[in-house]
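What follows draws every value from the coordinates through simple rules; no lab data is involved. Quick caveat, the model's predicted, so the values are computed rather than measured. With ideal geometry, Cβ positions are generated from the backbone for all residues, glycine too; neighbour counts draw on all protein chains shown.
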Amino acid sequence: MLPPETLPRLGRHLAKGIITTIWQSRNALLKMQDGRIAVVEFSEAPGLRRGQAVEVIGYPSTDGFTLSLSRSIGRPTGGKQFEEPAVKELSEADMSNRMSNDYNLKTSMQGRRISVCGTIADFGDLQKEQKVLPLSVAGRLLDVDFSQAGDALDGIVPGCRMRIAGTCVLATENWPAISSGIKLRGIRLVVDRPEDVATLSRPPWWTPARLTAAIAILVLAIAAILVWNRQLRRLSEKRGRELFQERAASALAEQKKAERTRLAVEIHDSISQILTGAAMQLDAGETGAAKRILASCRRELRACLWDLRSRALDADGFADAVRETLAAHLGECNAVIDMDIPSSRMSEGLRHAALCIIREATVNAIRHGKARTVAVSGELDGRRLAFSVVDDGKGFDPSNVRDTKDGHFGITGMKERAKAFGGTVEISSSPESGTEVSVLLEDNNADKGGCI
């Protein structure tokens, strides 16, 4: 055999044989008639196919492992028919050994048809464009050339478990020949047909990259939800404040309307009635009675004005409301109050009616009975309020009460106010024995009664 450095000096050389595989359009393995295998590098794509008998003219060289014909041209001939070689199935362990640094094992793979299982490793855009993907076999990477079976690449992604059959081609550090420093880079597996590729399994959807992307999207979604919830909470709080202010304004307007209505009813039912009585007495020439009626009217107006300024209805306890109501009328009289009733359990109308009756009974006891002590007591049973006003005054004969024609509206007013709440007023008294006024009212949750 000629030394490697003398082969390039031989000039162009003719070789005949059968093409056993083709890759990257311009490279092929030629099995010559004497059984040797040559690597052929064509000057341009020859338009030849695997299995054809051809004649090739090129410049011979060798790298110590393979015989090469570079800058070649070729044409088909009518030679011997191609016989499909048998495929040897290698385990991952066998393949790992043959991909080791043992040159003899590597060189024995040249031109052989093998089948091997492995996992597609990560690859870049350039590798995919060149149709050369890395296959991990027992921890070692094997380059798989799909250039003649590009359709087999469809759907292949990193992580796919593959069974691939192909022709082995040795890859050295330099092509064409070098005279020294020869280095065998590895083995390339050339896929000749799409049917030689089978996908055994696909990678799980949850790859590290996808998991990272999903976590990032989830974090962004949570952040967006938190921001949205915060904005929604602020909007809700703002709207809540606005609704509260609207309802408070509406309640205040309703309260003012109810107070105006109550005042109008009171003026109509009491003051107007008193003035009408005074006018009738004047028409009859009874000036004395008219004066008494007008004096009563003045007291009613004062009481009504005091009610407008008083905050007794706002007291938490009804006993405190009674004390504040009676404070302006007691003078030297002593008041004993025993009514442990929360104001919240009574409607505003019931509280007002009860306070007006208590005040009228107390004022009568002080003005007419000259009482020194007044005792007010009562209790609330569900919707029914029962209370009494007892004094130590001079007392009177209830059967001999002067009527409204003389300007006395106190007892009549108390009874009418109690009647408006479905209740009654009972008066027990006799001369020189004091007076007891017993009242029963039922809370009908209506703003009835007025100022006295």
Residue by residue, what Karplus-based ³J(HN,Hα) values in Hz, rounded to whole numbers, does segment 379-387 have, using 6.51, -1.76 and 1.60 with θ = phi - 60° and x for Gly and Pro?
8, 10, 10, x, 9, 9, 10, 10, 8
Amide H neighbours of residue 55 at under 5 Å, excluding residues fewer than 5 places away on the same chain, with H built from the backbone geometry, are 75, 77
For residue 317, distant residues with modelled amide H under 5 Å away
343
Return the distance in nm (one decimal) between the two label points of a simple spin-label model at residue 251 and residue 314, each offset 7 Å from Cα along Cα→Cβ.
1.4 nm
Please list, in order along segment 150-161, the HN-Hα scalar couplings obtained from phi with the Karplus expression 6.51 cos²θ - 1.76 cosθ + 1.60 (θ = phi - 60°), rounded to whole Hz, x for Gly and Pro.
x, 5, 6, 6, 4, x, 7, 10, x, x, 5, 8
Note, segment 332-347: 3J(HN,Hα) by Karplus (6.51, -1.76, 1.60, θ = phi - 60°), whole Hz, Gly/Pro = x, goes 8, 6, 9, 10, 10, 10, 10, 9, 7, 10, x, 4, 5, 7, 10, 6
Which order do the peptides 116-127, 36-47, 222-233 take when ranked by the mean count of other beta-carbon atoms within 10 Å per residue, highest first?
36-47, 116-127, 222-233
Rounded to two decimals, what is the ratio between the C-alpha radius of gyration of segment 316-384 and 2.2 N^0.38 Å?
1.10
Which of 280, 346 has the fewest Cβ neighbours within 10 Å, and the rest in rising order:
280, 346
With no solvent and one point on each alpha carbon, what is the Debye value of log10 I(q)/I(0) for segment 4-201 at q = 0.13 Å⁻¹?
-0.70
Restraint check, 31/88; 88/131; 16/80, Cα-Cα greater than 20 Å:
88/131
What ranking do 287, 62 get, fewest neighbouring Cβ atoms within 10 angstrom at the top?
287, 62
Net +/- balance of residues flanking residue 200 in space, Cβ distance below 12 Å, scoring K and R +1, D and E -1
+3
Non-local amide H neighbours of residue 67 (under 5 Å, H modeled in plane, Pro and chain starts lacking H): which ones?
39
